[in-house]
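Inspection log for the structure reproduced underneath, given as structure tokens.
The values are calculated or read from the model by the stated rules, or taken from the named source; none is laboratory data. Everything numeric here is computed off the predicted structure, so don't read it as measured data. For neighbour counting, all protein chains shown are included, and Cβ atoms are generated from backbone atoms with ideal geometry for every residue, glycine included.
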């Protein structure tokens with residue numbers, strides 16, 4: 001079984017914020033897989049689907065960002081999903097707007113949601129898919145930036161990135177994180193050869 005978790009904050013107040021692009025990827029997957037029923041489990045909204053022969057859980061933690069690991073660890077433990085079979089989808093201020101970067105592990109890079117996941121799972125070797133939301137004005141508080149909404153001129157690019165991230169998530173389910181890295185990171189590197197990880 002695979003577990004794909006999008007990080008974000010619950011509630012209408014946060015729906016369109018940069019911090020919630022992980023939720024938007026899960027919503028895109030739900031549309032792709034015709035999910036029509038969610039259940040609350042282990043502090044998350046969860047749906048179970050199949051991709052070919054592979055059972056897949058898609059989840060949105062309802063813990064608020066800084067405690068995301070509680071939901072992820074709860075689901076992984078209950079369903080006995082090994083850490084390499086968990087994909088965490090999240091926003092990344094260190095990447096340009098709309099850019100994707102997949103990784104098999106590493107530091108949390110200052111992202112409190114990923115930091116919580118790493119702490120609760122007890123390892124930094126957690127596959128992740130980061131979606132660039134840009135840094136914005138460096139004089140602005142980072143929290144204000146990630147909790148802000150996208151400008152009108154950014155929305156098409158963000159939506160395209162969300163759909164690409166959904167494709168990458170499906171590839172993770174069928175082919176694993178290495179394949180995602182080879183395909184999606186390579187596509188990025190053709191545009192921008194400077195790595196982020």
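From the list 93, 35, pick out the single residue that is within 25 Å of residue 184 (Cβ to Cβ) and in contact with a strand residue (DSSP E or B) (Cβ under 6 Å, 6 or more places away or on another chain). Even if it seems obvious, please write down each step before you answer.
Values: 93 fails: in contact with a strand residue (DSSP E or B) (Cβ under 6 Å, 6 or more places away or on another chain).
Checking each option against the conditions leaves just 35.
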message: Which pairs turn up if I take residues in region 1-14 that are over 15 Å from residue 87 (Cβ atoms) and look for partners that are modelled with pLDDT of 95 or more and part of a loop (DSSP other than H, G, I, E, B) with beta carbon separation below 7 Å, at least 6 apart in sequence or on another chain?
response: 10/62; 14/8
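Of the residues 69, 11, which is surrounded by fewer than 17 Cβ atoms within 10 Å (Cβ to Cβ) and out of contact with any strand residue (DSSP E or B) (no Cβ under 7 Å at 6 or more places or on another chain)?
Being surrounded by fewer than 17 Cβ atoms within 10 Å (Cβ to Cβ) and out of contact with any strand residue (DSSP E or B) (no Cβ under 7 Å at 6 or more places or on another chain) holds for just one of 69, 11, which is 11.
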query: Just a yes or no: is a residue in region 54-67 touching a residue at least 24 places away in the same chain (Cβ under 8 Å) and over 30 Å from residue 155 (Cβ atoms)?
result: yes
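Any chance you could count how many residues in region 49-63 are crowded, with 16+ Cβ neighbours inside 10 Å and in contact with a strand residue (DSSP E or B) (Cβ under 7 Å, 6 or more places away or on another chain)? Break it down stepwise before answering.
Keep residues of region 49-63 that are crowded, with 16+ Cβ neighbours inside 10 Å, which gives 49, 51, 56-63.
With the extra rule that they be in contact with a strand residue (DSSP E or B) (Cβ under 7 Å, 6 or more places away or on another chain), the set shrinks to 49, 56-62.
Residues that pass the stated criteria total 8.
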message: Residues to consider are 125, 70; find the one that is modelled with pLDDT of 95 or more and within 17 Å of residue 177 (Cα to Cα).
response: 125
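Say whether the condition of being closer than 18 Å to residue 123 by Cβ and modelled with pLDDT of 95 or more is met by at least one residue in region 5-27.
Going through region 5-27, the residues closer than 18 Å to residue 123 by Cβ turn out to be 5, 7.
Subset that is modelled with pLDDT of 95 or more: 5, 7.
The answer is yes; a qualifying residue exists.
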message: Quick check on region 73-93: of everything there that is in contact with a helix residue (DSSP H, G or I) (Cβ under 6 Å, 6 or more places away or on another chain), crowded, with 21+ Cβ neighbours inside 10 Å and more than 9 Å from residue 3 (Cα to Cα), which residue is modelled with the lowest pLDDT?
response: 91
message: For the list (1) farther than 20 Å from residue 113 by Cβ; (2) surrounded by fewer than 20 Cβ atoms within 10 Å (Cβ to Cβ), I need the number of the one condition that residue 40 fails.
response: (1)
